[in-house]
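What follows is one structure encoded as structure tokens, with my remarks underneath.
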Amino acid sequence: MAKAKKQTTRGRKQDRARVAGGQRHEVNYESNKTRKSAAAVKKAVTKVGNSRKRVEKRLARKS
């Protein structure tokens, strides 16, 4: 019987620091979190890049 590979957290932290504008579940998560539309999230990703901090800052500014 082969041993199961131990899962590592490698890459998870940097993945969570990004918003994938082309993935519906990520856009929906961010839109629910910031209470903005999915279109607004996609527009913010296009405007400032995929950094979660910059996207959230941009969405908060547009209140």
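Compute the helix-to-body angle for 38-48: its Cα long axis versus the longest principal axis of the chain, expressed 0 to 90° and rounded to tens.
Helix 38-48 sits roughly 90 degrees off the main axis of the chain.
For the Cα atoms of the chain, what angle does the longest principal axis make with the long axis of helix 24-34, in degrees from 0 to 90, nearest 10?
That helix lies at roughly 60 degrees to the long axis.
Can you match volume of the Cα convex hull per residue in Å³ to one of these, (i) 76; (ii) 99; (iii) 85, based on a calculation from the structure here?
The listed entry that was calculated here is (ii).
Kindly report the accessible area of the chain per residue (heavy atoms of protein chains, probe 1.4 Å, no ligands, DNA or RNA), in Å².
Accessible surface, normalised per residue, equals 90 Å².
Using a 1.4 angstrom probe on the protein heavy atoms only, line up ARG16, ARG58, ARG24, ARG10 by accessible area, largest first.
ARG10, ARG24, ARG16, ARG58
Need the full-extension length gain, LYS5 to ARG54, defined as separation in residues times 0.36 nm minus the C-alpha distance. One decimal, nm.
Taking LYS5 through ARG54 to full extension adds about 14.1 nm, to one decimal.
Which angle from 0 to 90°, rounded to the nearest 10, does the C-alpha axis of helix 52-61 make with the longest principal axis of the chain?
20
Step through the table entries LYS6/LYS33; LYS13/LYS57; LYS6/LYS53; LYS5/LYS53; LYS6/LYS42; LYS13/LYS36, compare each Cα-Cα distance with 26 Å, and write down the pairs that go over it.
LYS6/LYS33; LYS6/LYS53; LYS5/LYS53; LYS6/LYS42
The values are calculated or read from the model by the stated rules, or taken from the named source; none is laboratory data. Keep in mind that what you see is a predicted model, and the values were worked out from it rather than measured. Keep in mind that these areas ignore ligands, DNA and RNA; they rest on the heavy atoms of the full protein, side chains included. Shrake-Rupley method; radii C 1.70, N 1.55, O 1.52, S 1.80 Å.
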